[in-house]
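The values are calculated or read from the model by the stated rules, or taken from the named source; none is laboratory data. This structure is a prediction, so every number in the text was calculated from the model and none was measured. With ideal geometry, Cβ positions are generated from the backbone for all residues, glycine too; neighbour counts draw on all protein chains shown.
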Protein chains: 8
Amino acid sequence: MDSDGRTPLVGLVMGSDSDWPVMREAGEALTEFDVPYEVGVYSAHRTPRRMLDYAAGAADRGVRVVIAGAGGAAHLPGMVASATVLPVIGVPVPLKYLDGMDSLLSIVQMPAGIPVATVSVGGARNAGLLAVRTLAADSGELGARLRERMSRFQAELETKVLDKDSALRERVAAGE
Amino acid sequence: MDSDGRTPLVGLVMGSDSDWPVMREAGEALTEFDVPYEVGVYSAHRTPRRMLDYAAGAADRGVRVVIAGAGGAAHLPGMVASATVLPVIGVPVPLKYLDGMDSLLSIVQMPAGIPVATVSVGGARNAGLLAVRTLAADSGELGARLRERMSRFQAELETKVLDKDSALRERVAAGE
Amino acid sequence: MDSDGRTPLVGLVMGSDSDWPVMREAGEALTEFDVPYEVGVYSAHRTPRRMLDYAAGAADRGVRVVIAGAGGAAHLPGMVASATVLPVIGVPVPLKYLDGMDSLLSIVQMPAGIPVATVSVGGARNAGLLAVRTLAADSGELGARLRERMSRFQAELETKVLDKDSALRERVAAGE
Amino acid sequence: MDSDGRTPLVGLVMGSDSDWPVMREAGEALTEFDVPYEVGVYSAHRTPRRMLDYAAGAADRGVRVVIAGAGGAAHLPGMVASATVLPVIGVPVPLKYLDGMDSLLSIVQMPAGIPVATVSVGGARNAGLLAVRTLAADSGELGARLRERMSRFQAELETKVLDKDSALRERVAAGE
Amino acid sequence: MDSDGRTPLVGLVMGSDSDWPVMREAGEALTEFDVPYEVGVYSAHRTPRRMLDYAAGAADRGVRVVIAGAGGAAHLPGMVASATVLPVIGVPVPLKYLDGMDSLLSIVQMPAGIPVATVSVGGARNAGLLAVRTLAADSGELGARLRERMSRFQAELETKVLDKDSALRERVAAGE
Amino acid sequence: MDSDGRTPLVGLVMGSDSDWPVMREAGEALTEFDVPYEVGVYSAHRTPRRMLDYAAGAADRGVRVVIAGAGGAAHLPGMVASATVLPVIGVPVPLKYLDGMDSLLSIVQMPAGIPVATVSVGGARNAGLLAVRTLAADSGELGARLRERMSRFQAELETKVLDKDSALRERVAAGE
Amino acid sequence: MDSDGRTPLVGLVMGSDSDWPVMREAGEALTEFDVPYEVGVYSAHRTPRRMLDYAAGAADRGVRVVIAGAGGAAHLPGMVASATVLPVIGVPVPLKYLDGMDSLLSIVQMPAGIPVATVSVGGARNAGLLAVRTLAADSGELGARLRERMSRFQAELETKVLDKDSALRERVAAGE
Amino acid sequence: MDSDGRTPLVGLVMGSDSDWPVMREAGEALTEFDVPYEVGVYSAHRTPRRMLDYAAGAADRGVRVVIAGAGGAAHLPGMVASATVLPVIGVPVPLKYLDGMDSLLSIVQMPAGIPVATVSVGGARNAGLLAVRTLAADSGELGARLRERMSRFQAELETKVLDKDSALRERVAAGE
């Protein structure tokens, strides 16, 4: 349960707490949409069975989407997907070398049968927003609320662009 | 409506009918799970407004997930995502050169705000399965049915592996 | 109209004002050649219809070339090109990861039918110069003026190389 | 002069006649728009001075845009651009290895001062269309005619997409 | 037990029997060195727990080295390594696209703590030879025998090079 | 002999002492497992024969595994492997440019006949752990001790993950 | 000695006779310039000492340039360079996967101190021509002869381009 | 003439003086071997004819080898090679993005007929040493002197490795 006693709808997991500075943006997006979530450190390579147990039990505990972030030979998202029927969103976390290209390919190139919904390198905010869209596909009240809220969010994005557009025109007119 | 008169839950779109040999595997996966879907050719570059209109109207017509496939400078999935609140799954279609790396990066590297759930190069079957998982996250009856069905699907995958395992051991024992 | 009341001949657009530090070099090049231009923030993903409207109306307002910069899954140049008959120049803006390779491929690998004139990663200055060359192809007085001016510009580049050549020879002769 | 005695507006050059199977699509696009062009084999590495002479004299002979295709260490487009004030469009021709990535980078990564308008790997048709758009930016009658013609071309592209859309829906409805 | 009733010293596993045409070369190398091995199909994504069970039990059954081949998001070698203390050799199997670069990075870029001994793309023969070298490091009789045998193998490689050298010189002298 | 008078079981070599900041992590891992090792600077390109002599004599001096680190055109691991029957572990050391991709390919893509066990870019700690696993495959007392020790090490890794998991949950609960 | 009893000036070596179909083009170029050469199969990994002996003795036997071709982890050119004072030209031979990018990086990224003159992937003909240019730098009669001959060769290249130019113009004029 | 009044044997040219911090290492290597050289800034794109004139006249002025450094679409080495019969050594200068991969491919992938001897990204010191080896292939006194000197240089490299080896062993023995 989250701090308001609500059942988490999203599981936000990562292989190490060193991934948190990247992954926290997923949590922030969920909070903006008032979607309760849980966090956890589950390592595919250091705690393989515990990771599978988490994935296998998630649906029964009420989780509806799992977001998993990992870097390098990033096996966590795919392994979580292997042990759950829920949609799994993978975030390629960039490491010191190779700019996250290894993380991206290790997550996105899953074999037929076990998909992972992959977002951009370091794209944890979009992972959170993709979880919201997934819940927005719900046929019930939650879906309706989130579709409405996402629609407003997109209108806000548009407004911000218009503001930036005005600001840029002014700067250029002012000869900056 | 599909041939049984059911409202399509998934929109399966692509930039050109030349993408169909790749994308049809998404449709086949949906059919295996008895998920009604519609198909369409919508080009981001040749029919931009019609493509946006399709995306903008999808949710109201009952569509819950959109799968979009494209190759090269593959803008279709991201542009569809810009005009809907629904989850959009992107399939990088490989073209003659570059092995789909251009398609992959053009789809997965979306800016913060507008996510696309990307699958592997040519991974249309997994796009279909990801759409199923997305619908399996539903809080209603559909979700329960699809979670149960996906669970069975995964058990079948496991059985197939066991069969292949036996067959390989026999081949090797037979000195092949 | 620009600050001298002249109709802008070039539209210089980008997906976010965060692209301005890169894209301003295009504006500076246009200013050096005394070509009036307008700027704007138009996001393919956050304001898709407004972006298409801008592109569709540009020619009638007197714009002759559009320069569009974007990063990551850089769809702006290609989408602008889809809605105008004018030449569109794309600038791949490098983001934090992947050194702009994603931006480059997303811009340059356009499908047959809708070309984008792509310059180097971060090459906004060259985008400005390419716009000048495009206008220099004009059959009227503008073209003649710009061809003459570009010819002088190239002579100046040559002079600068000669100066650098002398300076380097002196430094080396001085044992630096 | 072309076969109708008209002054060529576009120069279509390549490093070897082995590039012609790729580059001829540029010529076909120009023909569709009734734009007269000339062809030539000019090698940056085998005939450097003749190549520079061609580039330097093009504008005075009435050429308004040059299209140059080359593969591998593809220097032709950039070297042509160094010797003319006209816009130069570069086509990366893919060779036996590396899928044209070497050609692309050798053409697009030009230094500040000398731009090349680069199209996709093997994208000669788009090079032709980009030349048309460049001429469509003309302030005179030619520009007006080509803008109108390009507008019709884009409408035709749209129609073709609609036809493909119908055909695909029928095939899928027919259970293909 | 292998066909001679000996305990297998090497476990040769892969995610699918479609990997066998590549992986059988590992088995052939082991046979050349008279090292008993077992084969099996264990999928990280389709049979995750069975795969972990296999890995966890391997050492107690007498297996000393595991060779694991996989393609795409190739998680098998790393996941096997997570559940055993034995050395695990990973073979990147090339798939239809990307030439095995995805497989290579997914196998070799393991996080600190859980190493995988990676060989070349498609390098199953070398995986077999590396298993032999690993057993050749044994302090007992097996090690002595295999070091001696590997030494002879390397001498044979040298002889083959000398033969090829003579043959090539003759061909060239003969003007071929 | 190491400082305790024990015969080194692992040779830890590199092409230059500038590789030591990366490679020392291999030594630290060996020390954690109480495996005696020797270090040395042997350059494939600057001291080719001395490097081959080292490799050729290693087994007779009691060395059982060689770890070799190198960057760029990283030939050391492969050349060491050419002159010994022992398993050789290669560490791709990243240099100033290309993020170690050149080092990785130069080490891992060995031809059939001469394998190198390659670890991740900069992955010297894993090279040390892979050497431990290789010795853990030993049939004697050493193997038993190291298998037991590696098993404990993996349990410690698991404990660390659990600790990080708790810490992260607390941080998130505290609203950090 | 070559078939005319002349001392070979160029050593043309490769790791395997399977490289000959690529490497023979180097020999053909040398023959065109009447430069005597010797061939040999020397494997860096299968015959390391014999390879070093060849390299070390080449200068004293009159060889002036060595051309070495290899694929994958292509160590031969760099290792030959480590054991001779002569210029060594490296030819990256493409293998089944990765299009020769591994071969290229393994050859060209040599550490400071031991250079290899690298040509394009599969560029054996250019390796032969580079050997000719190297000998053309000679201060004696050989150099004068080869400079003159290379000058003629370049004139012939130019003539061929002119012929291709005429042929292409005719084909296009004929409406092909 | 250099400062001692000697005819330069090597021409060391670059596209811009901003390349000098990289390229000066080539000059330092030449100075170590007492080989006179000249420097110059010649831009393929800004001073194409002057660059060709330099290349065409080099041999007659006594230059025997040209070293050319350039970055991005690095055309200078190839264009110099097109206008001289001398061996040309190309140095890929890394720019702000892409780590010099664009420079490397633009230099090394020359078409058949016009070779460039390419060294590593930023490898100007090796370019200088390769020029020395090229002159060491000379049949006269200069060649003999440089072969002897290069032999000593290689012995010095070996000594440095031995010193580093001792130093590293001491540091490790001291527990650093």
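Yes or no: the stretch H:145-167 includes at least one residue that is in the same structural domain as H:Y37 (by the TED database), of a type in the set (D, E) and modelled with pLDDT of 95 or more. Give the steps one after another, and end with the answer.
Step one: list which residues in the stretch H:145-167 are in the same structural domain as H:Y37 (by the TED database), which gives none.
Among the residues of the stretch H:145-167, not one is in the same structural domain as H:Y37 (by the TED database), of a type in the set (D, E) and modelled with pLDDT of 95 or more, which makes the answer no.
For A:E32, are the conditions met, namely being under 23 Å from A:H75 (Cα atoms) and away from chain F (no Cβ under 11 Å)?
Values: under 23 Å from A:H75 (Cα atoms): no; away from chain F (no Cβ under 11 Å): yes.
It is false that A:E32 is under 23 Å from A:H75 (Cα atoms) and away from chain F (no Cβ under 11 Å).
Determine if the stretch G:88-96 includes at least one residue that is within 9 Å of chain H (Cβ to nearest Cβ) and either over 20 Å from D:K96 (Cα atoms) or touching a residue at least 60 places away in the same chain (Cβ under 8 Å) (or both).
Within the stretch G:88-96, one or more residues are within 9 Å of chain H (Cβ to nearest Cβ) and either over 20 Å from D:K96 (Cα atoms) or touching a residue at least 60 places away in the same chain (Cβ under 8 Å) (or both).
Consider F:L105 against the criteria (1) surrounded by fewer than 24 Cβ atoms within 10 Å (Cβ to Cβ); (2) aliphatic (A, V, I, L, M); (3) within 14 Å of chain E (Cβ to nearest Cβ): it satisfies all of them except one. Which criterion is unmet?
(1)
Looking for something more than 14 Å from chain E (Cβ to nearest Cβ) and in contact with a Pro (Cβ under 9 Å, 6 or more places away or on another chain) - is there at least one such residue anywhere in the stretch F:47-55? Quick ask: steps written out before the conclusion?
Within the stretch F:47-55, the first condition is being more than 14 Å from chain E (Cβ to nearest Cβ), and the residues that meet it are F:47-51, F:53-54.
When the remaining residues are screened for being in contact with a Pro (Cβ under 9 Å, 6 or more places away or on another chain), the result is F:48.
Checking the stretch F:47-55: at least one residue is more than 14 Å from chain E (Cβ to nearest Cβ) and in contact with a Pro (Cβ under 9 Å, 6 or more places away or on another chain).
When the stretch A:13-31 is examined, which residues are found to be in contact (Cβ under 8 Å) with a residue 24 or more places away in the chain and over 30 Å from F:S151 (Cβ atoms)?
Just the residues of the stretch A:13-31 that are in contact (Cβ under 8 Å) with a residue 24 or more places away in the chain, to begin with: A:13-17, A:19, A:22-30.
A:V22, A:M23, A:R24, A:E25, A:A26, A:G27, A:E28, A:A29, A:L30 - these are the residues of the stretch A:13-31 that are in contact (Cβ under 8 Å) with a residue 24 or more places away in the chain and over 30 Å from F:S151 (Cβ atoms).
May I ask you to list the residues in the stretch D:32-49 that are surrounded by fewer than 23 Cβ atoms within 10 Å (Cβ to Cβ), assigned to a loop (DSSP other than H, G, I, E, B) and not aromatic (F, W, Y)?
Passing the criteria: D:D34, D:P36.
Under 8 Å between Cβ atoms, which residue pairs at least 6 apart in sequence (or on different chains) link something in the stretch B:108-122 that is within 14 Å of A:I89 (Cα to Cα) with a partner that is among the basic types (K, R) and at pLDDT 95 or above?
B:P115/A:R133
Right, D:L162: surrounded by fewer than 24 Cβ atoms within 10 Å (Cβ to Cβ) and assigned to a helix (DSSP H, G or I) or not?
It is true that D:L162 is surrounded by fewer than 24 Cβ atoms within 10 Å (Cβ to Cβ) and assigned to a helix (DSSP H, G or I).
Given the criterion assigned by the TED database to the domain that holds D:R46, of a type outside the set (V, I, T) and within 16 Å of C:V132 (Cα to Cα), identify the matching residue among D:A127, D:A74, D:A70, D:A112. Walk me through how you get there before you give the answer.
Values: D:A127 fails: within 16 Å of C:V132 (Cα to Cα); D:A74 fails: within 16 Å of C:V132 (Cα to Cα); D:A70 fails: within 16 Å of C:V132 (Cα to Cα).
Among D:A127, D:A74, D:A70, D:A112, only D:A112 is assigned by the TED database to the domain that holds D:R46, of a type outside the set (V, I, T) and within 16 Å of C:V132 (Cα to Cα).
Take the residues in the stretch D:1-31 that are within 24 Å of C:T134 (Cα to Cα) and polar (S, T, N, Q), then tell me which one is modelled with the highest pLDDT.
First, pick out the residues of the stretch D:1-31 that are within 24 Å of C:T134 (Cα to Cα): D:1-2, D:6-15, D:23-31.
Going one step further and asking which of them are polar (S, T, N, Q), we end up with D:7, D:31.
Working: D:T7: 94, D:T31: 97.
Across the stretch D:1-31, the extreme among qualifying residues is D:T31.
Filter the stretch G:58-106 for residues that are under 24 Å from F:R49 (Cα atoms) and among the acidic types (D, E) and give the result.
Answer for the stretch G:58-106, where residues must be under 24 Å from F:R49 (Cα atoms) and among the acidic types (D, E): just G:D60.
List the residue pairs whose Cβ atoms are under 6 Å apart, where the first residue sits in the stretch H:154-176 and is closer than 16 Å to H:E32 by Cβ, the second is modelled with pLDDT of 95 or more and not polar (S, T, N, Q), and the two are 6 or more positions apart or on different chains.
Pairs that qualify, where the first residue is closer than 16 Å to H:E32 by Cβ and the partner is modelled with pLDDT of 95 or more and not polar (S, T, N, Q), are H:L157/F:R46; H:L157/G:G113.
Is it the case that some residue within the stretch H:64-75 is crowded, with 24+ Cβ neighbours inside 10 Å, among the basic types (K, R) and within 9 Å of another protein chain (Cβ to nearest Cβ)?
Yes, that holds for at least one residue.
Kindly provide the set of residues from the stretch B:165-176 that are part of a helix (DSSP H, G or I) and out of contact with any helix residue (DSSP H, G or I) (no Cβ under 9 Å at 6 or more places or on another chain), ordered by number.
From the stretch B:165-176, those part of a helix (DSSP H, G or I) are B:165-173; that's our starting set.
Across the stretch B:165-176, the qualifying residues are B:S166, B:R169, B:E170, B:A173.
From the set of residues in the stretch G:8-23 that are of a type outside the set (G, A, S) and over 19 Å from G:T118 (Cβ atoms), which is surrounded by the fewest Cβ atoms within 10 Å (Cβ to Cβ)?
Let us first name the residues in the stretch G:8-23 that are of a type outside the set (G, A, S), namely G:8-10, G:12-14, G:17, G:19-23.
Right, trim to over 19 Å from G:T118 (Cβ atoms) and you get G:8-9, G:17, G:20-21.
Working: G:P8: 19, G:L9: 23, G:D17: 18, G:W20: 21, G:P21: 10.
Per the stated criteria, the residue is G:P21.
Hey, any hits in the stretch H:7-21 for a residue that's away from chain G (no Cβ under 14 Å) and part of a loop (DSSP other than H, G, I, E, B)? Break it down into steps so the answer makes sense when it comes.
First, pick out the residues of the stretch H:7-21 that are away from chain G (no Cβ under 14 Å): H:12-21.
Applying the additional criterion that residues be part of a loop (DSSP other than H, G, I, E, B) yields H:15-16.
Yes, the conditions are met somewhere in the stretch H:7-21.
Name the single residue that is surrounded by the fewest Cβ atoms within 10 Å (Cβ to Cβ) among those in the stretch G:108-141 being touching a His at 6+ places or on another chain (Cβ under 9 Å) and within 7 Å of chain H (Cβ to nearest Cβ). Break it down stepwise before answering.
In the first step, residues of the stretch G:108-141 are kept if they are touching a His at 6+ places or on another chain (Cβ under 9 Å); the result is G:110-111, G:113-114.
Still in the running and within 7 Å of chain H (Cβ to nearest Cβ): G:110, G:113.
Values: G:M110: 27, G:G113: 20.
Among those residues, the one meeting the criterion is G:G113.
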